[in-house]
Amino acid sequence: MITRRRSAAVLLGVLAALTTLGAPPAAADETTPAKEPPKVELVLDVSGSMRAADLGGRSRISVAQQSFREVVDSLPAETELGIRVLGASYPGNDKRLGCKDTQQIVPVGHPDRTEAKTAIATLRPTGFTPVGLALREAAKDLGTGETTRRIVLITDGEDTCAPPDPCEVARELAAQGTHLVVDTLGLTLDDRVRRQLTCIASATGGTYTAVQSGNELTGRIKQLVKRAGDTYDQTPQRISGAAECATAPLLSPGVYSDREQVEEHRAYRVPVRPGQELRASVSVALDRPLGRDRGVLLRALSPDGQELVRGSDAGSGRTDVLSTGLRWSPAQGDGASAPAAAADGGTGTGTGAGTDGTAQAAESVCLVVSNSFAVPAAVRRAPGMPVELTVDVVDASPAPGGPDLGRGWVLLGVLALAGLLTGLVAGWLARWRIAVWREN
């Protein structure tokens, strides 16, 4: 029996949200947990350097405070928001004390807007910059659950308190599989700050943005808060891909998480019937330092190992995740699907009716995820890189074909005639202008 269900999925630069259709194999988990509200925590640097007045003649802290007030006023009703600060309370020079200076001034939840804006207004640039510690505490503030949490870090400087190194903290959080994304906003164009904030974002699947005005800061924070509501309603199901297609797990439409070692291939199978289209995407999070040349490849193979289609190596446009995707459907009316399923040992999950009313078996298409990552010798290889795989099976859509000349001759004739007439008129006007010029 065919059932319908929907799941939101992100394919950065290749596939949009997908609508699922298909009968789930026994390998899939049908449990759907209750939807959680989006959760975001803003982490603001209130260290001494935030006094600098270089954002349109205003201090960095005043610009940040105004942005926070506007974000609180426009907070979506369903979103739970918290605010944590660092470097806001210890005015002394004792680094041991200053590097513990981080507090949550608004608990994660549906805040009282007046109280939240009052707490923001009282902030004064004060001390050190313990970014690593603040990130670790913010992760605790957000807790764990079924949907992705977001931290939005706003700072104008590097961490001055390592250890813990903020980049290592971000990798530590990513390796824990906590569904935590850290987006970073830099209030300065300093190259060292940019490198550190990019590293933090890269490790967790977030983004880095350099902002140079209040409007830019406000708009970006609002965008990230809204993005928190666009996460999955349930945790991706954990699976373990195989080295060979023959032993790969059978997947129904849904979202899955796995881990892949450097330079490894991982295989999964998806049943696809004639008249259906397979859509798949994969994203790999970079939770550790890698070489500059890197990429991820997704291929669809037939049961006998023939490549059907591949997605191109593609960065998602963000600083952290490499993503790619593909679409494939069986050839219509060629009868190839049923023999293919038989060659796979009958691993298809059910049959579908052909155009002549006969049953046609599903073909188990093999999805293979590969990567071209390289890591320095000192960087750990285990556990593997976090992989998120999205699988969808929908009714096949007609592929764009060549122009239908049988029905296009009239249009071609009209265009040719119009071109001829245009040329004749243009030539006549040119001769007329020359004749008039000679007479004068």
Query raised in the report: Considering only residues of the stretch 23-57 that are at pLDDT below 95 and of a type in the set (Asp, Glu), which is farthest from residue 252 (Cα to Cα)?
Result: 54
Query - Sole exception among (1) closer than 18 Å to residue 72 by Cα; (2) in contact with a helix residue (DSSP H, G or I) (Cβ under 9 Å, 6 or more places away or on another chain); (3) surrounded by fewer than 22 Cβ atoms within 10 Å (Cβ to Cβ) for residue 152, by number - result: (3)
Query raised in the report: Are there any helices (runs of 4 or more DSSP H) wholly within the stretch 163-253 with 1 or more residues that are free of Cβ contacts under 8 Å to residues at least 60 places away in the same chain and surrounded by 22 or more Cβ atoms within 10 Å (Cβ to Cβ), and if so which?
Result: 166-175, 191-204
**Report entry** Enumerated strands (runs of 3 or more DSSP E) restricted to the stretch 31-132, each holding at least 2 residues that are among the polar types (S, T, N, Q) and more than 18 Å from residue 218 (Cα to Cα)
**Finding:** 102-109
Query - Long-range neighbours under 6 Å by Cβ, at least six apart or interchain, first residue assigned by TED's automatic domain parsing to the domain that holds residue 239 within the stretch 367-389, second modelled with pLDDT under 75 and not in a loop (DSSP other than H, G, I, E, B) - result: 386/285
Requested in this report: Would you be able to say whether some residue in the stretch 58-72 is modelled with pLDDT under 90 and either more than 27 Å from residue 140 (Cβ to Cβ) or more than 22 Å from the chain's Cα centre (by Cα) (or both)?
Outcome: no
Report task. Would you point out the residue of the stretch 146-163, among those that are in contact with a Pro (Cβ under 9 Å, 6 or more places away or on another chain) and farther than 13 Å from residue 199 by Cβ, that is modelled with the lowest pLDDT? Result -> 146
Query raised in the report: Out of the stretch 32-57, which residues are surrounded by fewer than 18 Cβ atoms within 10 Å (Cβ to Cβ), within 29 Å of the chain's Cα centre (by Cα) and of a type outside the set (D, E, K, R)?
Result: 32, 33, 34, 37
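The values are calculated or read from the model by the stated rules, or taken from the named source; none is laboratory data. Here the structure is a predicted model, which is why all the values come from computation and not from measurement. Positions of Cβ are generated from backbone atoms using ideal geometry, with glycine treated the same way; all protein chains shown enter the neighbour counts.
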